[in-house]
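Enquirer: Sharing a structure below in structure tokens format, with a few things to ask.
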């Protein structure tokens with residue numbers, strides 16, 4: 001009888017031990033199976049698109065049931081914007097988000113995204129940029145896995161002190177620009193100064209540059225309304241910057257297919273989310289500028305035509321010739337871009353901003 005009692009006692013102790021220890025073991029196994037990813041984002045943490053990128057990480061974690069955990073490093077803290085792409089290639093971070101224009105010449109085919117000639121719409125530019133990538137899958141991006149591409153709405157020009165109404169007014173002025181916006185500045189007769197937008201505030205405040213290519217949203221979110229007095233509404237020739245979210249290729253290839261599927265699905269959704277957010281914050285920036293007595297200048301129809309003649313076709317012709325020399329079908333790419341602009345312009349209206 002005593003022997004039976006001892007066995008019963010031992011069985012109960014073992015059962016209780018299993019019940020207590022199992023949850024901890026399960027948690028330990030789960031923790032061991034979590035895929036940790038660092039995400040180097042060039043946007044500041046509190047900038048709306050920085051917050052949207054954080055939401056991207058949370059959405060991936062949610063849809064993978066916690067199998068993936070993404071840690072955001074904002075403001076390019078793991079690698080500055082011009083080194084972000086190479087940082088992902090070499091494994092400094094697993095994920096990255098940067099602008100094609102920050103490494104001029106490295107992404108020749110995708111330079112077509114930045115060429116002017118769009119309606120004033122973030123969803124249109126973002127969808128067109130993404131369609132171009134999916135259609136041509138340029139070899140220049142073969143050493144990473146591209147999750148998605150997006151682009152901001154065509155920008156105007158913020159001026160520090162001097163209003164601009166004509167081509168003659170802007171001639172010789174120093175304008176902050178990157179990538180193809182440098183060529184727009186040159187076509188207008190201005191002097192381009194290469195700086196990321198994240199580094200523009202001090203040069204504007206000190207008069208090192210006379211103005212900057214920028215949308216309306218930086219008046220609020222980069223505090224440009226503090227250091228500029230005017231915005232020139234020249235979105236018909238306004239620069240656009242294509243941006244890319246991508247993953248280290250070795251890390252991508254090591255992911256299970258179900259997790260790869262989640263990344264691709266969320267990436268597809270985030271193209272439109274970025275596009276709509278661009279429109280939202282452009283309106284916010286415009287309203288903020290008006291509150292701060294910032295002056296918005298609309299070019300006359302005649303002057304808009306003059307600016308377009310100086311910029312759009314010459315830059316498109318230059319792109320075609322440049323791509324031909326590289327063995328890239330620039331004319332086909334540009335034609336496809338025009339078709340996609342036409343397609344998505346019927347779906348998404350322009351930003352409802354009117355300048356008197």
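Enquirer: Given contacts defined as C-alpha pairs under 8 Å and at least six residues apart, what's the relative contact order of the chain, whole-number percent?
Expert: So the answer I get is 22 percent.
Enquirer: Sticking with this one: Could you sort 252-258, 152-158, 138-144 so that the peptide with the highest average Cβ count within 10 Å comes first and the rest follow in order?
Expert: In decreasing order of mean packing, 252-258, 152-158, 138-144 become 152-158, 138-144, 252-258.
Enquirer: If one takes the longest principal axis of the Cα atoms in the chain, at what angle in degrees, from 0 to 90 and to the nearest 10, does the Cα axis of helix 2-33 lie?
Expert: The helix 2-33 is inclined about 10 degrees to the chain.
Enquirer: Right, next: On a 0 to 90° scale, report how tilted helix 301-325 is relative to the longest principal axis of the chain, with both axes built from alpha carbons and the result rounded to the nearest 10.
Expert: Approximately 60 degrees, to the nearest 10.
Enquirer: Going by how many other Cβ atoms sit within 10 Å of their own, how do 288, 107 line up, fewest first?
Expert: 288, 107
Enquirer: Let me ask something additional. Share of antiparallel DSSP beta bridges in the chain, in percent to the nearest 5?
Expert: Around 50 percent of the beta bridges assigned by DSSP in the chain are antiparallel ones.
Enquirer: Please work out the FRET efficiency for the pair residue 339 and residue 55, using the Cβ-Cβ distance as r and a Förster radius of 35 Å; give the result to the nearest 0.05.
Expert: Approximately 0.65, to the nearest 0.05.
Enquirer: Let me ask another. So if each residue of separation counts as 0.36 nm, and I subtract the Cα-Cα distance between residue 198 and residue 168, what length gain in nm does that give?
Expert: Roughly 7.9 nm would be gained on extension.
Enquirer: Using alpha carbons only, how many degrees (0 to 90, rounded to 10) separate the axis of helix 330-345 from the longest principal axis of the chain?
Expert: Its long axis makes an angle of about 80 degrees.
Enquirer: Starting from the Kirkwood Rh over alpha-carbon pairs, what translational D in µm² s⁻¹ does segment 218-323 have by Stokes-Einstein at 25 °C and 0.890 mPa s?
Expert: Diffusion coefficient, whole number: 139 µm²/s.
Enquirer: Using helices alone, I'd like the mean residue ellipticity at 222 nm for the chain: each DSSP H run of four-plus residues gives -39500 (n - 2.57), total over residue count, nearest 500.
Expert: -15500 deg cm²/dmol
Enquirer: Rounded, prolate or oblate: which fits segment 296-356 when a ≥ b ≥ c are the square roots of the eigenvalues of the alpha-carbon gyration tensor, with rounded for a/c under 1.5 and prolate only if a/b beats b/c?
Expert: oblate
Enquirer: Now for a different question. Based on the Cβ-Cβ distance of residue 295 and residue 223, what FRET efficiency does E = 1/(1 + (r/R0)^6) give at R0 = 22 Å, to the nearest 0.05?
Expert: 0.80
Enquirer: Sticking with this structure for a sec: Return the distance in nm (one decimal) between the two label points of a simple spin-label model at residue 332 and residue 302, each offset 7 Å from Cα along Cα→Cβ.
Expert: 4.4
Enquirer: Subtract the Cα-Cα distance of residue 325 and residue 250 from 0.36 nm times their separation in residues, and report this length gain in nm to one decimal.
Expert: Fully extending the segment from residue 325 to residue 250 adds 23.9 nm.
Enquirer: Assign one of three labels to the chain, namely rounded, prolate or oblate, based on the Cα gyration tensor with a ≥ b ≥ c the square roots of its eigenvalues; rounded applies when a/c is under 1.5, prolate when it is not and a/b is larger than b/c, and oblate otherwise.
Expert: prolate
Enquirer: Still on this structure: Once the Cβ-Cβ distance between residue 264 and residue 284 is put in as r, and R0 is 41 Å, what FRET efficiency do you end up with, to the nearest 0.05?
Expert: 0.85
Enquirer: Okay, moving on. Using label points projected 7 Å from each Cα along Cα→Cβ, tell me how many nm separate residue 33 and residue 309, to one decimal.
Expert: Taking the two extended label points, one gets 6.8 nm.
Enquirer: Would you mind ranking 171, 229 so that the residue whose beta carbon has the fewest other beta carbons within 10 Å leads the list?
Expert: Neighbour counts put them in this order, fewest first: 171, 229.
Enquirer: Taking the number of other C-beta atoms within 10 Å as the exposure measure, put 183, 306 in order starting with the fewest.
Expert: 306, 183
Values quoted throughout were computed directly from the atomic coordinates according to the rules given, and no laboratory measurement underlies them. Treat the numbers as computed from the prediction; the structure is a model and nothing was measured. For neighbour counting, all protein chains shown are included, and Cβ atoms are generated from backbone atoms with ideal geometry for every residue, glycine included.
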